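Structure first, commentary second.
The values are calculated or read from the model by the stated rules, or taken from the named source; none is laboratory data. Everything quoted here is computed from the prediction, not taken from an experiment. Cβ sites come from the backbone with ideal geometry, for glycine too, and all protein chains shown count toward neighbours. Accessible surface areas use protein heavy atoms only, side chains included; no ligands, DNA or RNA. Shrake-Rupley method; radii C 1.70, N 1.55, O 1.52, S 1.80 Å.
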Amino acid sequence: MEKIQITLEPVDNNRLLNLCGPLNTNLKEIELRFDVEINQRGNLFNLIGVKKNISLASNFIKDLYLKTEKDNISITELRNFLQEPNVLKSKMPLNGRNNSKLTCFQFKNYKINIEKPNQLNFYNSILKNDVVFSVGSAGSGKTFLAIGAALHCYELGLIKKIILVRPAVEAGENLGFLPGDLSQKIDPYLRPMYDALNSIMGSNLLNKFIEQNVIEVAPLAYMRGRTLNNSFIILDEAQNSTKEQMKMFLTRLGRESKAVITGDITQIDLPNAFSGLVHVLPLLKEIPGISICKFTEEDVMRHPLVKEIINAYEKKSS
């Protein structure tokens with residue numbers, strides 16, 4: 001690992017605060033983009049990382065500091081700057097390593113691994129766009145990566161709330177009357193999302209976040225009429241939403257919010273309706289700021305037999 005130190009002149013505390021962001025959130029974004037460690041003290045910045053990465057990051061910081069002389073830098077503008085094609089002139093992946101090797105991001109001490117190119121594209125699309133569709137094979141990490149990215153964005157201070165949504169649709173069998181209060185009735189439908197949250201943050205912290213209303217898990221029908229500001233919203237199993245529900249969900253998006261919609265169009269459980277996910281993809285695919293990421297059986301991360309099972313079903317249907 002290499003180290004360099006840069007000094008920003010002239011010394012101006014207001015410009016330095018603008019550059020670094022509240023609680024150094026801007027520096028954390030720059031660290032993430034260039035895969036470097038940045039330690040700042042006043043107008044001195046120490047960068048640690050791969051030589052080429054710290055060179056790119058230091059140049060970016062210097063250019064950004066020049067811009068602060070006349071303009072305030074919002075987090076949205078910073079993210080746009082970071083995603084410009086010429087930022088990574090060497091066309092290196094975010095972690096400075098070969099795409100075929102493991103990379104990761106994290107929430108607190110838990111590392112979320114990215115092992116496939118489509119997964120890396122999905123994560124990068126979430127950082128760059130405010131609406132991202134993730135469509136593809138079961139077990140490819142769509143939901144887990146989306147929840148991990150939501151927690152990561154919360155830790156960076158980019159959003160204030162995480163909302164996880166699922167349609168309450170039974171998978172081909174009628175479960176009948178479910179006893180208990182409302183929470184107990186909908187819990188079976190939302191359990192997969194709780195499982196992902198538990199894996200990343202543990203039950204104690206999860207319960208704390210739920211009590212503080214930082215994390216909300218709700219059925220899709222409960223989204224009507226809401227405006228979701230400063231939020232990261234995930235619609236899981238979106239193939240089981242109707243056309244009307246999909247439109248309703250997408251129009252809930254408020255200021256400084258992101259929406260990620262995941263689904264597998266080969267596993268539609270709607271009995272008498274057209275899938276809202278299938279309907280919406282061709283409608284929105286050309287809109288700037290909306291990204292559609294596709295996963296295949298090659299991205300499956302579950303038991304090796306799952307990939308073979310998916311292949312067998314696809315051969316049968318073709």
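Counting heavy atoms of the protein chains alone, residue 291 has an accessible area of about 20 Å² for a 1.4 Å probe. A simple spin-label model places the labels of residue 221 and residue 191 2.0 nm from each other, with each point 7 Å out along Cα-to-Cβ.
Evaluating 6.51 cos²θ - 1.76 cosθ + 1.60 at θ = phi - 60° for every residue in the range 8-19, the Karplus couplings come out as 9, 10, x, 6, 8, 4, 5, 5, 5, 5, 5, 5 Hz, glycine and proline recorded as x.
Collect residues whose amide H, placed 1.01 Å from N in the peptide plane, falls under 5 Å from the amide H of residue 292; neighbours closer than 5 in sequence don't count. So residue 292 has HN proximity to 133.
As a fraction of the 1.4 Å probe accessible area of the range 263-314, surface on carbon and sulfur atoms comes out at 60 percent. When you filter the GluC sites (Glu not before Pro) in the range 22-88 for DSSP loop state and at most 15 other Cβ atoms inside 10 Å of their Cβ, you are left with 69. Less than 5 angstrom separates the built amide H of residue 137 from those of 295, 296, all sequence-distant by 5 or more or on a different chain. For residue 279, the accessible area of its heavy atoms, probed at 1.4 Å with every protein chain present, is near 70 square angstrom.
Of the listed residues 211, 115, the order by accessible area with a 1.4 Å probe, largest first, is 211, 115. Of the accessible area of the range 215-259, computed with a 1.4 Å probe over protein heavy atoms only, carbon and sulfur atoms account for 44 percent.
Within straight-line reach of residue 258, meaning a Cα separation under 16 Å, sit the following lysines at least 8 residues removed in sequence or on another chain: 128, 142, 160, 161, 247.
Taken one residue at a time, the phi angles of the range 108-125 give Karplus couplings (6.51, -1.76, 1.60, θ = phi - 60°) of 6, 9, 8, 9, 9, 7, 10, 10, 10, x, 5, 5, 5, 4, 4, 5, 4, 5 Hz. Gly and Pro are set to x.
Peptides 7-15, 50-58 ranked from most to least packed, by the mean per-residue count of other Cβ atoms within 10 Å: 50-58, 7-15.
With the cut-off at under 19 Å, measuring from each backbone N in the range 62-76 to a point 7 Å along the Cα-to-Cβ line of residue 14 picks out 64-75.
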